[in-house]
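Here the structure comes first, spelled out in structure tokens, and everything after it is commentary.
The values are calculated or read from the model by the stated rules, or taken from the named source; none is laboratory data. Treat the numbers as computed from the prediction; the structure is a model and nothing was measured. Quick reminder, even Gly has a Cβ in these numbers, built from the backbone with ideal geometry, and neighbours come from all protein chains shown. The accessibility values were calculated without ligands, DNA or RNA, using every heavy atom of the protein model including side chains. Shrake-Rupley method; radii C 1.70, N 1.55, O 1.52, S 1.80 Å.
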Amino acid sequence: MYDFEYHKPTSVADAVKILSADSDARPISGGQTLLPALKHRLNKPTSVVDLSGIAELKGIKRDGDKIVIGAMTRHADVANSAEVKAAIPALAQLAGSIGDNQVRNRGTIGGSVSNNDPAADYPSAVLALNATIVTSKRRIAADDFFQGMFTTALDAGELLVAVEFPVPEKAGYAKMKNPASRYVMAGAFVAKTGGQVRVAINGAAACVFRQAEMEKALAASWSPAAVAGVVQPADDMNSDIHGSAEYRAHLVTVMAKRAVAAAG
Amino acid sequence: MNAPVVFEGIGASPKRKEDLRFLSGRGNYTDDINRPNQTYAVMLRSPHAHAAIRGINTAAAAAMPGVVAIYTGGDMVVGSLPCGWLIHNKDGSPMNEPGHPPLAQGKVRHVGDIVAVVIAETRPQARDAAEAIAVDYEVLPAATSMAAALAAGAPLLHEGAPGNVCYDWHIGDLAVNQAAFAQAKHVVEFELVNNRLIPNAMEPRAAIGDYDRTTDQHTLYTTSQNPHVIRLLMGAFVLQIPEHKLRVVAPDVGGGFGSKIFHYAEEAIVTWAAARINRPIKWTADRTESFMSDAHGRDHVTKAKLAMDEQGKFLGLHVSTTANMGAYLSTFATSVPTYLSATLLAGVYTTPTIYAEVKAVFTNTVPVDAYRGAGRPEATFLLERLVDIAAKQTGIDKLELRRRNFIPADAFPYQTPVALQYDSGDYQSTLAQALKTADWDGFEARRKAAAAQGKLRGIGISTYIEACGIAPSAVAGALGARAGLYEVGAIRVHPTGSVSVLTGTHSHGQGHETTLAQLVTDRFGIPLSQVDIVHGDTDRVPFGMGTYGSRSLAVGGSAMVKAMDKIVLKARRIAAHLMEASVDDVEFDRGTFRVAGTDKTKAWGEIALTAYVPHNYPIEEIEPGLDETAFYDPKNFTYPGGCHICEVEIDPDTGHTTVINFTAVDDVGRVINPMIVEGQVQGGIAQGIGQALLETCSYDADGQLLSGSFMDYTMPRADDVGTLSVATHETLCTHNPLGVKGCGEVGAIGSPPAVINAVVDALRDYGVTHVEMPATPAKLWHIINSGRRAAAE
Ligand SMILES: Cc1cc2nc3c(=O)[nH]c(=O)nc-3n(C[C@H](O)[C@H](O)[C@H](O)COP(=O)(O)OP(=O)(O)OC[C@H]3O[C@@H](n4cnc5c(N)ncnc54)[C@H](O)[C@@H]3O)c2cc1C
């Protein structure tokens, strides 16, 4: 770890002030991604802005037909939330499947969504549920938010404040875990919200993406069998020592089928 | 009233004495030790697999805050890290044995090879300075795989090893072997890979060098399984420090699995540099360094041929192996594919002729050496896969084929054609017991039920033997070992009767502090709390050989028995004096000395006290004190064996394998502590399942480690292992006083073929003969998918 300055502001405004003044400052929420990077000296921020003292970033509330989750809400809190379990059980299940106990007790939705790791869980839920990302200065539609591997629409100095999830009629999530890291090797989040079907695929490619053909098939008939025949092209799939692009493409269909089955 | 006396001797399972300190975070590991005025070392490691060093500029780094010293290969010109086992080529010439300098001398040969050491007041300062060292590398083409290293025109790693070959060795009579094949009715041929593994002990390696100028005394604290061996190798071969000036301490060590047997460069570097700067130096590996500097395991490619008669009786076995040594010879690397593996190729079978040849190869990878089982898992995997394939090819049932070829229970001692003589075993019984526990007969019904759920069930078996209790020194010496392999045990009875045992073995998770103490409790009749096991310090313990090859109880325990014999004899003489009886009439049984046939007794404590307070004492005939040392050199190896059965279920949609259950019935000889044996076997099986389904080290063609962290190297987790059923079936070792055989490695040796045999069985409808380890989901899906496609076409 290199030396850095440490700040612990108590408001979003103060945090943004520090971050805007210095392009090499970084926010830290749960630290589950940033700290290992710092320890390995892969990252050299001038200062680290700890968001854990900002009360307005924490908590889960139901707001009409939306569930609003503050950026600093930990995975364990989402997994155990009565509101989330009642409204979007697939989201609670997803949060409860991230990493291990330690990770779930530290890692946050804001950190995970801002980080946009291709193998992360949350981005699939955000995209499939057509969530809105609330930031320190604007609202961003899920379709515009995830822009590529570890890249989002967030500007420098812009903080993710909350994620608003419309409550769906049906939603389901299934994933194949990478045998070593147990991050997502290929996952599918399927949702039907206000009659609209969205299918988001994570883990398999450089960035979470919507599977249009599966959406069409499910809109026509909401059943595992409807997606079973949809072949995901292998072209843009990841390939590494854990699995070929062809394997991942295959898994996309299997996971979509299972996600639909789980959604009921 | 006294509390009831709980039996804590041989056969009891008292809680482990060491666990209070381990489970409450009060262990004392090397990194927990801090010496006054201590500095910190960081190793600058090569990012290249193969490169010439044109120059190293340390000027900027040396000027950085906190830096105490920086040394490179030019500064540290010392002896080579030695190899402990000389192997001879087929033509009788000695192997090629290129040097292994602790700090690279002009050339680096694997990613992680040490180029410089930076010593600073703090670890971060040392790291900062290491980043500021400029090394001018001329990157050379690398040979990462054995095939690449053996190819014509391959890059040469060492001037002294033409063709990158270390040795080309063989065992057995080729002419006799060929004759057997000429008569064969069936011949099964097959090639397989034993995948390369990265050991990953929970505690990373660490070392502290300390030097006292006033006494010229060097001390090394290190994460070692065998501190005396390190003292000998480093003192005599690398740094030329005589034993009386060098103390090696291996305090609590958090797992070794073989990887902490070897003498590593960092130990020599901190010891050497501490004397130069006259301050203590601590080095602790981070996990990334562990991946690229701990000796890896396995990595063999083998072609095998089995000859059988009409009835499937094995007539002969022919085995050709290439074995990866990595970039340098680690301490025992050369013995693993040869004397620890090829000598096991008879397995539990009566194969009359076996010929094995091994070519050992240098590659631009981390050195490879013994890892839990060391050579024996490789032999067992080969044999037990071969037997299954032979069963399939001949149409003989796989259990029947094994039974037909088992060495019968009445044939012991049994001389194999590959040097070993097995003393005891009962393979039919361990097989029968395992089949029953695993409900082998009910399998087809379970397979059908799984198929109805769309899952592929398979069951696999392995009937195995291993050789441990390493080793009879003269035999090992004749085969090229450069060390003796006896063990020492000293029993120090204190004046009030409590006992300290000094053992040359070392416990790094195995529970010796409990098991070895149970031997004393059993013999002397004193409570376990009255016995302490002292190990891991060359200044406290007489010269012993350490722990590996499941030897601690069979060899170290036997040394203790010999020392206890001496204690009992002397104590009986003292008791005889006190009771005015003849020594021959004094009996000793668990704490009480009695004049035979009378009610005259003396208690253990009275005799101990008398030995140290010799007022009424036969001082002319017996020395005071009750403190005896014995060295024990085993007469033979010990031969644990048994049967492992694994049942798996494969999800054909994802290729993922679930271990449904795993049954082990092992003959480890007499069981001292059943709970500890169960734990040892469970741990071994977890590592065996890891090798079979999950773990593999991968390098790219340039020699970069692709599986260099837990993000990419799949360690087994609890839910990968399934339900384990571990039982023992005892036949006693006939040549050591305890009848023990050893249990540390059986789990890792017997299990991988059981798992892969199960996987292959699950895929029986897909025309599969073999699946290379690890059987990952992706690999199995490709097999299933191509099978499906073939069926569809
Ligand atoms: C062992 C292990 C296993 C894991 N397994 C999984 C898994 O299976 N699935 C999965 O999805 N994840 C997994 N993770 C990652 C985990 O979910 C992290 O919690 C998550 O990726 C980041 O969240 P965090 O709160 O820890 O963020 P941090 O590490 O604190 O930050 C991550 C990044 O986001 C930025 N950031 C943080 N908060 C904000 C904000 N409010 N606005 C803007 N930028 C912000 C930071 O500057 C940093 O760049 C695992 C992590 C570990 C250590």
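Quick notes on this one:
- Single match in A:135, A:152, A:108 (criterion: of a type in the set (Ser, Thr, Tyr) and buried (at least 24 other Cβ atoms within 10 Å of the Cβ)): A:108
- Residue identified as within 13 Å of the ligand (Cβ to nearest atom) and touching a residue at least 60 places away in the same chain (Cβ under 8 Å) among A:165, A:189: A:189
- The residue list A:255, A:185 contains one member that is within 13 Å of chain B (Cβ to nearest Cβ), assigned to a strand (DSSP E or B) and not acidic (Asp, Glu), which is A:185.
- Matching residues, segment B:44-76, being of a type outside the set (Gly, Ala, Ser), buried (at least 19 other Cβ atoms within 10 Å of the Cβ), within 30 Å of residue A:3 (Cβ to Cβ) and touching an Asp or Glu at 6+ places or on another chain (Cβ under 9 Å): B:44, B:45, B:48, B:56, B:67, B:68
- Odd one out for residue B:102 among (1) more than 14 Å from chain A (Cβ to nearest Cβ); (2) in a helix (DSSP H, G or I): (2)
- Residue in segment B:435-445 that is buried (at least 20 other Cβ atoms within 10 Å of the Cβ), in contact (Cβ under 8 Å) with a residue 40 or more places away in the chain and not β-branched (Val, Ile, Thr) present: yes
- Annotation: of all residues in segment B:291-300 being away from chain A (no Cβ under 14 Å) and farther than 24 Å from residue B:150 by Cβ, the one that is farthest from the chain's Cα centre (by Cα) is B:293.
- From the options B:731, B:654, residue that is within 14 Å of chain A (Cβ to nearest Cβ) and either buried (at least 17 other Cβ atoms within 10 Å of the Cβ) or in contact with a Cys (Cβ under 6 Å, 6 or more places away or on another chain) (or both): B:654
- Scanning segment B:601-638 for residues that are touching a residue at least 60 places away in the same chain (Cβ under 8 Å), open to solvent by 80 Å² or more (accessible area, probe 1.4 Å) and farther than 14 Å from residue B:570 by Cα gives B:631, B:635.
- Matching option when the condition is buried (at least 22 other Cβ atoms within 10 Å of the Cβ) and either within 14 Å of another protein chain (Cβ to nearest Cβ) or within 27 Å of residue A:104 (Cα to Cα) (or both), among A:205, A:200: A:200
- Restricting attention to segment A:1-60, the residues that are more than 23 Å from residue A:104 (Cβ to Cβ), without any contact (Cβ under 8 Å) to a residue 24 or more places away in the chain and within 14 Å of another protein chain (Cβ to nearest Cβ) total 2.
- Qualifying position, being open to solvent by 30 Å² or more (accessible area, probe 1.4 Å) and under 29 Å from residue B:244 (Cα atoms), among B:537, B:532: B:532
- Cross-chain or 6+ apart pairs with Cβ under 8 Å, segment B:572-590 first and modelled with pLDDT of 95 or more and of a type in the set (Gly, Ala, Ser), then surrounded by fewer than 17 Cβ atoms within 10 Å (Cβ to Cβ) and part of a helix (DSSP H, G or I): B:576/B:583; B:576/B:585
- Number of positions in segment B:16-37 that are open to solvent by 60 Å² or more (accessible area, probe 1.4 Å) and either in contact with a Pro (Cβ under 8 Å, 6 or more places away or on another chain) or under 30 Å from residue B:66 (Cα atoms) (or both): 8
- Segments classed as strands (runs of 3 or more DSSP E), wholly inside segment B:23-89, with at least 2 members that are closer than 27 Å to residue B:212 by Cα: B:39-45, B:67-72
- Filtered residue count, segment A:240-249, keeping only those that are more than 7 Å from chain B (Cβ to nearest Cβ) and part of a helix (DSSP H, G or I): 4
- Residues being of a type outside the set (D, E, K, R) and assigned to a loop (DSSP other than H, G, I, E, B) - total across segment B:362-387: 10
- Count of segment A:1-49 residues which are within 13 Å of the ligand (Cβ to nearest atom), of a type outside the set (Ser, Thr, Tyr), in a helix (DSSP H, G or I) and over 30 Å from residue B:709 (Cα atoms): 5
- Strands (runs of 3 or more DSSP E) fully within segment A:74-154 counting 3 or more residues that are more than 11 Å from the ligand (Cβ to nearest atom): A:139-141, A:146-148
- For segment B:716-793, the helices (runs of 4 or more DSSP H) that sit wholly inside it and include 3 or more residues that are touching a His at 6+ places or on another chain (Cβ under 9 Å) are B:746-762, B:777-792.
- Residue check for residue B:594: under 21 Å from residue B:9 (Cβ atoms) and within 41 Å of the chain's Cα centre (by Cα): no
- Residues located in segment B:657-713, provided they are aliphatic (A, V, I, L, M), within 14 Å of chain A (Cβ to nearest Cβ), outside any strand (DSSP E or B) and touching a residue at least 24 places away in the same chain (Cβ under 8 Å): B:689, B:692, B:693, B:694, B:701
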